[in-house]
Structure formats: structure tokens, C-alpha cells
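Each remark here refers to the structure printed beneath this line.
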There are 2 protein chains.
Amino acid sequence: MKKYNVAVVGATGMVGRTMLKILQERDFSIDKLYLYSSSRSAGTSIEFNNKKVTVEELTENSFSKEIDIAFFSAGSSTSLKYAQIASANGIVVIDNSSAFRMDKDIPLVVPEVNAHDITNHKGIISNPNCSTIQALVVLKPLHDKYKIKRIVFSTYQAVSGSGVNGIQDLERGLLGEPNTFYPHQIANNCLPHIDSFEENGYTKEELKMINETKKILHDDDLRITATTVRVPVYYSHSESINIEFENEFEINELKKVLEEAPGIIVLDNPKENLYPLPTEVAGKDEVFVGRIRKDYSVDCGINLWVVADNIRKGAATNAVQIAEEVIRNL
Amino acid sequence: MKKYNVAVVGATGMVGRTMLKILQERDFSIDKLYLYSSSRSAGTSIEFNNKKVTVEELTENSFSKEIDIAFFSAGSSTSLKYAQIASANGIVVIDNSSAFRMDKDIPLVVPEVNAHDITNHKGIISNPNCSTIQALVVLKPLHDKYKIKRIVFSTYQAVSGSGVNGIQDLERGLLGEPNTFYPHQIANNCLPHIDSFEENGYTKEELKMINETKKILHDDDLRITATTVRVPVYYSHSESINIEFENEFEINELKKVLEEAPGIIVLDNPKENLYPLPTEVAGKDEVFVGRIRKDYSVDCGINLWVVADNIRKGAATNAVQIAEEVIRNL
């Protein structure tokens, strides 16, 4: 079995560390592992498959080594500066930042949804936004079967989406200390503000959900709107998704479509108080869906409650799955 | 100035105590005050306008006294048992339970919206569900101006909506203790489950938002759907509201319509990170609205973020406002 040389850029961050965990869990076939970070975290030692690996400072020379796949998870500015250098050296970059997501020449991939798009990559593959990934795993089989006309997203997003800064701000708030990261206290609060605001009143997070969904489903005619909200939850994003279909559906058939689709666990038994919950989904790789019910306000509508671990399926797991697809295509 | 004899049923509960606070704040013209509770809480002493009032056990004889207005806030079973007895004795009952809300002979009133409906009362007036009240204050001026076609509600509801039981379950959860009230831990979680489930997969809370909205706006043709969710917040419900209008609108004009409507504070300046927040709205009587922006997925659509103190405007304040209208109509 061929082994690959892998680099993780942003190895000491929350997503980077989770990627390393998932690479081990999934027995990703690694020969040499290179871990990179900013100078601030360089020198940190991280255990991988029972060996200590020292994190090195990221420089332009980092990619002159024999590397097959580089996972980038150190923010857009790092990706903009180094991803092209890496890909020019023949390295396949899987980028978790938003830097290249809407670039029409760069595939934006959720493996359960559009794995095929990977075949067209030119050295960089983008990992979608966390709240987009989990929605898409559920939307894709429904779009294939019933054709989606319109989507209204309202999200309930965990603080870990902001990395360790978000976690610490919630911890501080619960101790009665003031926020230092979010613009307002997140403990005991809901902040309808994720990422920065655009001129049209939408946040970048909301526009990511709208635009990335259209790109991944290859359907610019989809009508989508979104309101994204940060809630005082550590791990797992939840989403209230309202969908209008072109075609009629039968509710039990729709549930079966979801049950049979890859990467989904249907958890929908209200009588037993069973529905997806952030605390129970945290640590899992699947997308959980429940509260599946007809929306009687339109002809062919449905309401769903969709929960996934935002650090795993929303970032690290999806990136590793992309890498697995890349290898499969070699 | 005429003074009124007032009774509060459920005086020791969270809403009952807040009603007493609001009656004092608004200088409600009270002669005699009677406080009632179950036998368990009877004997409690509550200070009102600098005098101690002893809470008495609620019995059938409680309403043989000279009482003008009785606020009921002790749950549906108490209202079903005693409200008719009170109104048969000539007392105007303002009922905070869901017992009579959908009874076509009983007005369901948000004073800023349909105060006129009070004139038809036959002794009982219903106070709507908390999440419905705050939505309606915002929906009414928009419906009048642009005619609402369809609404998609997703809510972020505070634990105080379940009274002291909800507060204590969140406190317990934050201390790492198990839940004893909600079916799952509420700390660090989102529960898509408020009130009980119906056969069609909706919760009663969701159906209340749908049905009460139609009744209050006197418009059975409105198309409404809802997903209601409990979040780890102590006070104030938040709502992501997506609205489709019949008629076109200009966004600045729509904002002005909201600014000029009664009971609303528009807080919508994203550049300054200003939008309604549960922690800042708690303790206030107005309904706060922000994140006002065009929904580009339909011809005449809008997204709103609406926050109000669920115990005050969502229950106690609205009930006292109804009483003020009743007096005005005498």
C-alpha cells in the first residue's frame, strides 16, 4: 500500500489538531508528516501514531520538501500566501479557509455530494464553510429526488467555530468575566453576527451558506436565504432548514431517501424525545437530521433540524475525506 | 380616579411576580389586591406598594369577593377550572394560559395589534403565547402596509419560558449536574422541543405560533410555518423571521414603518455591531428588531431578528396592557 507524505499547516489550531486525530482514526496511509504553524507556536511537540512530531515555523521553504498532500487550516491570509507555492511544487492543497472557495477554477467539495468535482482540480481543493457542509450532506439527496426550489436557513452555531478564542470567550462569560473576542458576551446570549457584515446587511457567513450551496450543487437558480446566529454551545452547529421543492413528496419516502444517503443519521422519534442535539452529536462524523415534517404553508415544503460536529464533519473530517478521494483518483 | 380590585392567580410564579412588579411600575390604579396560589405556596408574603400581602390558597370561594380584574397565570388546568367561575361573578379574567386562546368567542389580544378585539369580550380575554406576542408586534405594521403572504419562524427561546423549573435546569447543567426538568440537558445545548409533540410532528409551541398569529391578525389565509428551539439563555426569546409580502417594499421605508409602530425599538446598525441581544433586551417592555434585510430569494421578502423579554412583553406586561385597555373601555 502506497504511503503519502502529508503536511498540516495550522497544526496547533483546533481544526489542525482534530485533522491529526482523524488521520490516525482513519488509518490514513502516511509516510512522512510535516507540521507547520506560525513562529508563535513553532517548537510545539504533537504526538502522532505514538511518535512525537515537532511543529516547524511555516516559511516559503516549507513546501520544497517531498510532500504529496498539504492540509491548510491557518486562515485565509496564510492560504493566499502559501497555497499557490505549495501547489506549484506539485503538492495537492486541501484548503479549509474561504480564500479560494468561490474561485470557479477551484473545486469546492463535500465528498458525499460532489466527489466527482475533485477530478478537475489544478492543485488546490477547497473545503467548504462548516455550516454549509452539514447542510449539503442533507440537501443533496433531497435535491436529486425532489428538486429544491428555495431554502431558508436559520443557524445555531457553536463557539468552537471561532476556534479556541470562541471557546475561551464562552468560558469567561460563564464565569462572569467580560468578553475579549466576540463583540458581545456570548454566555447566556444569542449573537446574530458571524464573520463580518457586508454592505447589503448580510454577514459573510450568511453569504457563504448561500453562494457555496449553489456552487456545490452546480445550480445557480437555487433561491436561498440565511440568518446565522452564534449560540452559547461549545461544539456542534444546529440548523433549522426550511425547504420548498419543485416536486411533490411523501414524507415517509423522503425519510427513507435521507436514511439511505451517505453520511447521514436520521434521528427522528419525537414520541421518545429523540432528535439531534449538539451535545450528543459532538465527536461524531455523521450529519444528524430530525424534526422532519411537512411545511403546510407551501405545496411541497419541509422543515428539518440538522446537527453536526462543526470541527469534525464541518472541517477536519471533510478535509480528510477529500484527501481520501484525491488518493483514490491518483 | 377610579380604583380597581385586582386578583392575581399564580402570584408566586415567575410571571405572577413579574405582573405585580409591572402593576407597580405602571401605577395601575389598585384598591384591593388579592393574591392566590396553590396550597403549596399559600401563606407566602409578597410586598406590593410597600405593603405586605399574604398569598391565599385558590378555592372556588376566591372569586366571591368584590374583584374587578383577575390575572390568571397558573397553567391551563387552573384556568379551565376557575376562569369561568370568576367571569360568572362579573370579574374580567385576563388569562395567560393556552386554555382559551383558540376559542372563537374569546379575544386573543396584543394591545399594539388588536386592542379593539377586547370590546367583544364576554368575561375572559386570553394573553397569547410569549413567542407569538413579540412576533405580532412586529408583523402587524408590516402586514398592514405590505400584506404578508408567508412567514417562516425559527426561534431561540429562553429557559425562563418554562418558569423557575427551566432556570434551575440551566443552572444545574452549568454546574455539571443532570437535568431534572427538560428531557435533555439544556446547558451547552439546543433542544428543538418546546411543549409536547402532536401527531403531525409539530410541537404545540410551533402550532401556537402558527394558529395564534392567524387569529390575532384575523387572516386565516396567512401561510405560516415554525420551528421552535430552546437555547441556554435565561431571559428573552429571539426569533429569526423570514417574511414574504404580497406587495413590493423599499427597505428604508419598511424600517421607518417599524420605527413608527407602537411598542417597537429598531436596533439595526451592523457597522457598530448593534442588533438586538437577549442579555440587553431582558428587563425591557419593548420588542426589539434588527438585522433587517431584503431576502433576495423571493420577489418581496425580508429577514428580521426579533428579541423581547419573554416574561415581560411575552407575558406579564402584555397582560397588564390588556387590563389597561379593559379599564379604558369601561
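As a summary of the residue check, B:Ile251 satisfies the conditions (1) touching a Ser or Thr at 6+ places or on another chain (Cβ under 9 Å); (2) at the interface with chain A (Cβ under 9 Å from one of its Cβ atoms) except for the one numbered (1).
Would a scan of region B:213-224 turn up a residue that is of a type in the set (S, T, N, Q), assigned by TED's automatic domain parsing to the domain that holds B:Ile151 and free of Cβ contacts under 8 Å to residues at least 24 places away in the same chain?
There is no residue in region B:213-224 that is of a type in the set (S, T, N, Q), assigned by TED's automatic domain parsing to the domain that holds B:Ile151 and free of Cβ contacts under 8 Å to residues at least 24 places away in the same chain.
Which members of region B:45-62 meet the condition of being in contact with a Leu (Cβ under 8 Å, 6 or more places away or on another chain) and of a type in the set (Val, Ile, Thr)? Talk me through it step by step, then tell me what you get.
Just the residues of region B:45-62 that are in contact with a Leu (Cβ under 8 Å, 6 or more places away or on another chain), to begin with: B:46, B:48, B:53-56.
Passing the criteria: B:Ile46, B:Val53, B:Thr54, B:Val55.
Scan B:Lys52, B:Lys81 and give me the residue that is among the charged types (D, E, K, R), over 25 Å from B:Glu325 (Cβ atoms) and in a strand (DSSP E or B). It is B:Lys52.
Yes or no, residue by residue, for (1) touching a residue at least 12 places away in the same chain (Cβ under 8 Å); (2) of a type in the set (Gly, Ala, Ser):
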| position | (1), (2) |
| --- | --- |
| A:Val257 | yes, no |
| A:Ala261 | yes, yes |
| A:Asn273 | no, no |
| A:Arg293 | yes, no |
| A:Tyr296 | no, no |
| A:Leu304 | yes, no |
| A:Ala316 | yes, yes |
| A:Val326 | yes, no |
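Looking at region A:145-202 only, could you name the residues that are at positive phi and under 20 Å from the mean Cα position of the chain (by Cα)? Residues satisfying the conditions are A:Gly163, A:Asp195. Among the residues making up region A:258-312, those that are more than 8 Å from chain B (Cβ to nearest Cβ), crowded, with 22+ Cβ neighbours inside 10 Å and more than 20 Å from A:Lys140 (Cα to Cα) are A:Val281, A:Ile311.
For region A:11-39, the set of residues classified as in contact with a Phe, Trp or Tyr (Cβ under 7 Å, 6 or more places away or on another chain) and surrounded by 16 or more Cβ atoms within 10 Å (Cβ to Cβ) consists of A:Ala11, A:Met19, A:Leu20, A:Ile30, A:Leu33, listed by residue number.
Among the listed residues A:Asn96, A:Asn114, which satisfies the condition of being surrounded by fewer than 21 Cβ atoms within 10 Å (Cβ to Cβ), under 27 Å from A:Ala261 (Cβ atoms) and touching a residue at least 60 places away in the same chain (Cβ under 8 Å)? Step through it out loud before you land on a result.
Working: A:Asn96 fails: surrounded by fewer than 21 Cβ atoms within 10 Å (Cβ to Cβ).
Result of the check over A:Asn96, A:Asn114: A:Asn114.
Within region A:120-173, count every residue that is within 13 Å of chain B (Cβ to nearest Cβ) and of a type in the set (A, V, I, L, M, F, W, C). Residues flagged as within 13 Å of chain B (Cβ to nearest Cβ) and of a type in the set (A, V, I, L, M, F, W, C) within region A:120-173 amount to 8. Kindly evaluate A:Ile265 against the criterion of being in the same structural domain as A:Gly13 (by TED's automatic domain parsing), touching a residue at least 24 places away in the same chain (Cβ under 8 Å) and aliphatic (A, V, I, L, M). No; evaluated as a whole, the condition is false for this residue. With respect to A:Lys140, determine if the residue is in the same structural domain as A:Thr225 (by TED's automatic domain parsing) and on the phi > 0 side of the Ramachandran plot. Considered against the rule, which asks whether it is in the same structural domain as A:Thr225 (by TED's automatic domain parsing) and on the phi > 0 side of the Ramachandran plot, A:Lys140 comes out as no.
With the condition kept exactly as written, say whether any residue in region A:85-106 is touching a Pro at 6+ places or on another chain (Cβ under 7 Å) and not in a loop (DSSP other than H, G, I, E, B). Show your work before the answer.
Restricting attention to region A:85-106, the residues satisfying the condition of being touching a Pro at 6+ places or on another chain (Cβ under 7 Å) are A:101.
Filter once more, keeping what is not in a loop (DSSP other than H, G, I, E, B): none.
Among the residues of region A:85-106, not one is touching a Pro at 6+ places or on another chain (Cβ under 7 Å) and not in a loop (DSSP other than H, G, I, E, B), which makes the answer no.
Please verify whether B:Val152 is in a strand (DSSP E or B) and not assigned by TED's automatic domain parsing to the domain that holds B:Lys256, treating the condition exactly as stated. If you could, list the steps in order and put the result at the bottom.
Details: in a strand (DSSP E or B): yes; not assigned by TED's automatic domain parsing to the domain that holds B:Lys256: no.
In short, no.
Residues that are buried (at least 17 other Cβ atoms within 10 Å of the Cβ) and more than 10 Å from every other protein chain (Cβ to nearest Cβ) within region B:196-211 comprise B:Glu205, B:Leu207, B:Lys208, B:Met209, B:Asn211, listed in sequence order. Within region B:43-61, one or more residues are exposed (fewer than 13 other Cβ atoms within 10 Å of the Cβ), within 22 Å of B:Asp285 (Cβ to Cβ), at pLDDT 95 or above and not aliphatic (A, V, I, L, M). Scanning region B:231-248 for residues that are buried (at least 24 other Cβ atoms within 10 Å of the Cβ), facing chain A (nearest Cβ under 7 Å) and of a type outside the set (S, T, N, Q) yields a count of 3.
The values are calculated or read from the model by the stated rules, or taken from the named source; none is laboratory data. Treat the numbers as computed from the prediction; the structure is a model and nothing was measured. Here Cβ is always computed from backbone atoms with ideal geometry, including for glycine, and neighbour counts include all displayed protein chains.
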